[in-house]
1. If the requirement is being buried (at least 16 other Cβ atoms within 10 Å of the Cβ) and among the aliphatic types (A, V, I, L, M), which of these qualifies: A:ALA72, A:ALA147?
2. I need a count of the residues in region A:121-153 that are at pLDDT below 85 and over 24 Å from B:THR66 (Cα atoms).
3. Name the pairs whose Cβ atoms lie under 9 Å apart, with the first residue in region B:62-84 and among the acidic types (Asp, Glu), the second in a helix (DSSP H, G or I), and 6 or more positions between them or separate chains?
4. Of the residues that make up region A:5-15, is at least one at pLDDT below 90, aromatic (Phe, Trp, Tyr) and either in a loop (DSSP other than H, G, I, E, B) or surrounded by fewer than 18 Cβ atoms within 10 Å (Cβ to Cβ) (or both)?
5. Check whether at least one residue in region B:38-45 is crowded, with 18+ Cβ neighbours inside 10 Å, away from every other protein chain (no Cβ under 12 Å) and of a type in the set (Asp, Glu), and report yes or no.
6. Checking the conditions here, which among A:GLY21, A:GLY45, A:GLY28, A:GLY39 is part of a loop (DSSP other than H, G, I, E, B), within 14 Å of another protein chain (Cβ to nearest Cβ) and closer than 22 Å to B:ALA55 by Cβ?
7. Can we say A:LYS60 is surrounded by fewer than 13 Cβ atoms within 10 Å (Cβ to Cβ) and away from chain B (no Cβ under 14 Å)?
Amino acid sequence: MMSKIVRTQANILYPLILIFGFYIVAHGHLTPGGGFQGGAVIATGVALVAISFGYGKIKKWIKKTNLTAAEAVGLLSFIIAAFTGIGTSFFCNWLANSGLIFGDTVPYGPNPGYLNTAGLLPIMNLAVGIEVLGGLGVVVMYMLSAAKASEVK
Amino acid sequence: MIFEELIQVLLLVGLIITAYLSIRFKDLLACAVSLGAFSFLLSLEFYMLQAPDVAIAEAGIGAGLTTAIFILAIKATHRWEVET
């Protein structure tokens, strides 16, 4: 556990970092960045809270099994979303321009960018974001537990 | 145009200075913070070279996660570099 100044600024910065990460993931098909970058930003927020509060408190809030489960769920939903277009080909983007969810047609010419377009790409960005969040978060959590174990000795 | 070139020269000089400092420091915590500053300047340089995608990845992983992992490793071992 670090000093009170570090804990207070971590409390203020943590929701902002999380919101920015989810913004990057959700706008992956419109703006720079995507699933990997957004997941890395969210894992940075997890690392900030984990370092400033120490392993004794943080292991009640963030469980390593939950992060591993998030990794598995992200990879599974990615491969399932890829297999739904198997009627035409692997990774076929059958959802684009279909009128369903994320299925609007992109208008011609310059536009501000519409979120409800691009078919399977936002779903795959979300899956990759969840997977990278789990993977990098579990790296930080295992490093923290190893540091705690060597500190006791 | 001359303004962009000036900023790029400043960024590259800062990259060289932070890389040199991260080697020369005896305080390993200062080395980790210097490497974080190196990654931040490198992400700014990527942004100046019109690659915002790589810049976000570099800022998230280079300046955020690896600095955190270095600080954790220093907390578990010694802070000062010793002669062996």
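The values are calculated or read from the model by the stated rules, or taken from the named source; none is laboratory data. Computed from a predicted model, the values in this text were never measured in an experiment. Methodologically, a virtual Cβ is constructed for each residue, glycine included, from the backbone with ideal geometry; neighbour enumeration extends over all protein chains shown.
1. Just one listed residue meets the conditions, A:ALA147.
2. Summing the residues that are at pLDDT below 85 and over 24 Å from B:THR66 (Cα atoms) in region A:121-153 gives 1.
3. Within 9 Å, the pairs are B:GLU81/B:LEU28; B:GLU81/B:CYS31.
4. no
5. Checked against the condition, which is being crowded, with 18+ Cβ neighbours inside 10 Å, away from every other protein chain (no Cβ under 12 Å) and of a type in the set (Asp, Glu), region B:38-45 yields at least one hit.
6. Numbers: A:GLY21 fails: part of a loop (DSSP other than H, G, I, E, B); A:GLY45 fails: part of a loop (DSSP other than H, G, I, E, B); A:GLY39 fails: part of a loop (DSSP other than H, G, I, E, B).
Only one candidate passes the filter, namely A:GLY28.
7. Working: surrounded by fewer than 13 Cβ atoms within 10 Å (Cβ to Cβ): yes; away from chain B (no Cβ under 14 Å): yes.
Judged against the criteria, A:LYS60 is a match.
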